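First comes the structure, then the notes that go with it.
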Amino acid sequence: MNKNLLLIVLLAAATGASAQQYRWTDKDGRVQYGDAPPAGANATALRGPSGPASAPAAPKGEAPLSPEEQFRKRQKEAGEAREKQAKAEQEAQEKKENCTRAQASLRQLESGQRIGAIDAKGERYYLDEAQVAQEAAKARQAAGHWCS
């Protein structure tokens, strides 16, 4: 008999814990709280008890992922992010190196010294002023591209 009474008391307490709560001001100006406001009182419903936290919703047509599948998905996404970051760092390093080379080439062309080159036969020749100006224009364009 005592077990039945205890069960009834516990069920009543659990039901009361999930009831809606209200806030109102009584005739003396004091703020009151309860699960049932008096008749005629201007009561404000308070937020009820929060339920259990829900898992993120799966896209339509897909079953929710198990914890292990979620872990593997996070690991895959983290790996992809690391690869993307490494690729971006490599591209930035290459851009910096190309900028340095283009600036060095431009400085050499604008130095006023004779610029020599080797042709397809392996013979050395020197650039005239027009060729130096043309090469300097190309070097400026390259430096503008890589150093921006």
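Each reported figure results from applying straightforward, stated rules to the coordinates on display, with no laboratory input. None of the values given here were measured: they were computed from a predicted structure. Note that each Cβ is placed from the backbone with ideal geometry, even for glycine, and that neighbours are counted across all protein chains shown.
The modelled label-to-label distance between Arg114 and Gln90, using points 7 Å beyond Cα along the C-beta direction, is 4.4 nm.
Once the Cβ-Cβ distance of Glu77 and Glu97 is raised to the sixth power relative to R0 = 41 Å, the FRET efficiency obtained is 0.85.
Multiplying the residue separation of His145 and Ala130 by 0.36 nm and subtracting their alpha-carbon distance yields 3.1 nm.
Take 134-144, 77-87 and order them by the average number of nearby Cβ atoms within 10 Å per residue, most first; the result is 134-144, 77-87. Remark: C-alpha extents of region 70-121 on the principal axes read 65, 27, 5 Å, sorted largest to smallest.
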